[in-house]
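So the structure is just underneath, and the comments pick up after that.
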Amino acid sequence: MRRIAALVVLAGCGGDGDGDGGPDAPPLPLPSPSCTPAPAGGSATVAAPTLAYTLADRWHEGWLASPAIADLDGDGTPEIIAPRDELLLVWHVAAGGSGTVAWRAATGGRIWSSPVVADLLPGRPGLEVAIASRGQLFAFDAAGTALPNFPVTWRDELRTLGAGDIDGDGALELVVVTNDPLDGTNRRDIVMAYEANGSVVTGFPPNTGGAAGCDDACYVTGGYDQNLAIGDVDGDDRVDIFAPHDNAYASLHAGTGRAFDAAPIFDGRTKFSGIRMMVDYRLAQQGYADDEAVDEQGHFTNSAPAIADLDGDGTAELILLGSVQNTAQNDRERGVALWVLHHDGTRPPGWEAPPRFGDFLSGLWDYGDNVVGITNQPTVVELDPARAGKEIVFAGFDGRIHAVDARAQTVWNTAYTTSATVATGGVVVADLSGDGVPEIVFATYSTGGGGHLVVLDAAGNELHRVPLPDRGAMPVPTIGDADGDGDLDIVVSLKDGEDRVRQVQVYEVPGSTANCLLWPTGRGNYRRDGYLPP
């Protein structure tokens, strides 16, 4: 099931006033460039995305898997990697606007989350592709041959997958999160990790296996939608595992499986996963509500977190967007809030009260007919160099895209819809005109049809709105050069698949270059780790 949050009404900007966007408003001024411009200097004008290629196979639909663009086999020609229901499809684009399937792999279960594309086996030619399909983890080489000892089976359903060198051996491990917790030894686990040879990483599963060191106050339950970030949170040069739950808690583990300790201010809680994410910081330290009908907490069913050094102090923070509800859990449509945390659960100065965005339009609950609610995922980028630190950009449950700075101050917000049947999976960020000022790109989807590919400028003003077929696209788009011509392309994996007509569409942005790809795909990169290193 899907949950959501509350509302703070803010002035809209950048909408196009056509009923699917927000009201007309004067454009906000652009910030100065945050990236090095293209060698030719670029242009202040961002060209509209133009449909260049339509990739077709069979009817299969898309879930939430953001596609990838990568030269898998090192031949100089990029591939487009896009899971479609129970199939992993790898395409080449071709002249004339068509595409050819280079290889496909049937998994027998829907592929919910984005594929990992990385060098999982250093020393072996090419890149590998890993996907989670229902309760199994698959891994393939550049030609589509399954890696030895894969697939491996754990819990059904694995809706989250990422990669990182969690044990410090110089090679990437694959980490999954399930919505079906493992119970044992009076503990629960939702996180599992595997080596690229299919073996289980030492220390996993961490809680039931004992490596975590959890006591009875480790309140773990399932994660439903890309609930994972992998990055170094304590400055020891080894990446850690951050996994929010379908409750008011989140897990934080080192690569050994050890659970991070809670700060002593949290009464009766020894581990991070025992800290109740109350909106009121005093109540979070107390661990319970004074008035359950009134006091509020976060809920992280579909929270895809990030790890980034927001304030530039050299140590990363945990960034967590979640719905807000009363602690009695009978009033859940209270909007979203944005938590920023240290690895011991304490909140940095300025973030003691999570910023609230309380208007509720839709997105907490699934819409029906295989159309899911909104993923609570923050994108962390440098939008405005005049502001200290990074900015966090995300979709609320209010039909708006929000930008918040490193001091927890709202930068802007833009209405992209006024309809309760229109949603977005999340945003990507890249410079689409070569001038060093990035743009924000996202796709919308709807139960009633009428999805769009939308481009905003760095101040939140809407630049372009391109219609998408059928019910639009639930996955986050991916930006990169898909055909090797030097221009950037936006790859959109559609919700609906029309048999032998279209499943994936590729939009070219004339005049763009790859000078500034800040957050170009779902979860930020093809490791799908949600990590922006210091």
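Whole-percent P(r), region 109-254, all Cα pairs, 5 Å bins from 0: 2, 10, 20, 24, 21, 14, 6, 2, 1, 0. Sorted largest first by accessible area at a 1.4 angstrom probe radius, with every protein chain in place, the residues 271, 495 fall in the order 271, 495.
Starting from the Kirkwood radius over alpha-carbon pairs of region 315-361, derive D by Stokes-Einstein at 37 °C in a medium of 0.692 mPa s and give it in µm² s⁻¹. Diffusion coefficient, whole number: 282 µm²/s. Ordered from largest to smallest accessible area (heavy atoms of protein chains, 1.4 Å probe), the residues 183, 295 come out as 183, 295. With the simple model of a label 7 Å out from the Cα in the direction of the Cβ, residue 290 to residue 124 spans 5.8 nm.
Between the alpha-carbon centers of region 255-282 and region 72-138, tell me the distance in whole angstrom. If you average the Cα positions of each part, the centres end up 38 Å apart. The calculated 222 nm mean residue ellipticity attributable to helices in the chain amounts to -500 deg cm²/dmol, summing -39500 (n - 2.57) over DSSP H runs of n ≥ 4 and dividing by all residues.
Over the C-alpha trace of region 38-183, radius of gyration and Dmax come out as 17.1, 58 angstrom. Inverting the mean 1/r over all pairs of different Cα atoms, compute the Kirkwood radius of region 230-290 and quote it in Å. Evaluated on region 230-290, it is 12.2 Å.
Shown are 51, 361, whose ranking by accessible area with a 1.4 Å probe and every protein chain present, most to least, is 51, 361. In µm²/s, what is D for the chain at 10 °C and 1.306 mPa s, where D = kT/(6 pi eta Rh) by Stokes-Einstein and Rh is the Kirkwood radius from Cα pairs? So the translational diffusion coefficient is about 70 µm²/s. Within the assembled protein chains, the solvent-accessible surface assigned to residue 487 is about 40 Å², based on a 1.4 Å probe.
A Stokes-Einstein calculation at 25 °C with viscosity 0.890 mPa s, built on the Kirkwood radius of region 228-364 over Cα pairs, returns a diffusion coefficient of 163 µm²/s. Close amide-amide hydrogen proximity is noted between residue 113 and 132, each under 5 Å apart and 5 or more residues distant or on a separate chain (H modeled in the peptide plane; Pro and chain starts excluded). The calculated FRET efficiency for the pair residue 51 and residue 330, based on their C-beta separation and a Förster distance of 51 Å, comes to about 0.65. Each principal axis of the Cα atoms in region 179-294 has its own extent, and those three values, largest first, are 51, 32, 26 angstrom. Volume of the convex hull of region 305-406 (Cα atoms only), normalised per residue: 118 Å³. Rounded to whole Å, the principal axis extents of the Cα atoms in region 374-430 read 36, 17, 17, largest first. Taken along its principal axes, the alpha carbon cloud of region 426-501 reaches lengths of 39, 30, 16 Å, longest axis first. Each DSSP beta bridge with both residues in the chain is either parallel or antiparallel, and the antiparallel ones are about 95%. Extension gain for residue 263 to residue 313 (0.36 nm times residue separation, less C-alpha to C-alpha distance): 16.0 nm.
Each residue, residue 221 and residue 32, gets one label point 7 Å from its Cα in the Cβ direction; the gap between the two is 4.9 nm. Taking the inverse of the mean 1/r over every pair of distinct Cα atoms in region 344-383 gives a Kirkwood hydrodynamic radius of 13.6 Å. By a 1.4 Å probe calculation restricted to protein chains, residue 498 has an accessible surface near 80 Å², given to the nearest 10. For residue 508, the solvent-accessible surface computed with a 1.4 Å probe is close to 40 Å², ligands and nucleic acids excluded.
The values are calculated or read from the model by the stated rules, or taken from the named source; none is laboratory data. Small disclaimer: the values here were computed from a predicted structure and weren't measured. Cβ sites come from the backbone with ideal geometry, for glycine too, and all protein chains shown count toward neighbours. All accessible areas refer to the heavy atoms of the entire protein, side chains included, with ligands and DNA or RNA removed. Shrake-Rupley method; radii C 1.70, N 1.55, O 1.52, S 1.80 Å.
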